[in-house]
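Trainee: Sharing a structure with you now.
The values are calculated or read from the model by the stated rules, or taken from the named source; none is laboratory data. No experiment lies behind these values; they were computed from the predicted model shown. No Cβ is skipped: glycine too gets one built from the backbone with ideal geometry, and neighbour counts run over all protein chains shown.
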Amino acid sequence: MLAHKRTLGIPGVTISVVRDDFIEKNDNPTYLNLYKLINKDSLLNTPPTFAIYVLNLVTDWMLTMGGINYFERQSIEYSSDVYALLERYDDSRYLAS
């Protein structure tokens, strides 16, 4: 299983992408039991409505900006700028002896 946390909006919403064969009946506590959660339409508890609303705003904005392709280009551009800046300086000045 692969898990990676990304913040989209404010805390309170979890997005899980899993294969169907991973979801099976088990004896996990309710809050850890994806089978029960799926069968209750993700409504085992009161949903965090404000966090869901903010997530909707953020994802709409991300799609308007260009989606994954836009943010991939931004990430490459920003990281390239950081690495270029680091390469301009002599490492020995900043390394502790």
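Trainee: Consider LEU37 carefully, then state whether it is surrounded by 10 or more Cβ atoms within 10 Å (Cβ to Cβ), outside any loop (DSSP other than H, G, I, E, B), touching a Ser or Thr at 6+ places or on another chain (Cβ under 9 Å) and not acidic (Asp, Glu).
Mentor: Answer is yes for this residue.
Trainee: Here's another thing I want to ask about it. Scan the range 44-56 and give yes if some residue there is surrounded by 13 or more Cβ atoms within 10 Å (Cβ to Cβ), under 30 Å from PHE71 (Cα atoms) and small (Gly, Ala, Ser), otherwise no.
Mentor: Yes: the range 44-56 contains one or more residues that are surrounded by 13 or more Cβ atoms within 10 Å (Cβ to Cβ), under 30 Å from PHE71 (Cα atoms) and small (Gly, Ala, Ser).
Trainee: Of all residues in the range 23-47, count the ones that are touching a helix residue (DSSP H, G or I) at 6+ places or on another chain (Cβ under 9 Å) and under 15 Å from GLY12 (Cα atoms).
Mentor: Total satisfying the criteria: 4.
Trainee: Ok, one more. Is it the case that some residue within the range 71-90 is out of contact with any Pro (no Cβ under 6 Å at 6 or more places or on another chain), at pLDDT below 75 and of a type in the set (A, V, I, L, M)?
Mentor: No; the residues of the range 71-90 include none that is out of contact with any Pro (no Cβ under 6 Å at 6 or more places or on another chain), at pLDDT below 75 and of a type in the set (A, V, I, L, M).
Trainee: Among what's in the range 1-34 and is in a helix (DSSP H, G or I) and of a type in the set (Ser, Thr, Tyr), pick the residue that is modelled with the highest pLDDT.
Mentor: Only one residue fits best here, namely THR30.
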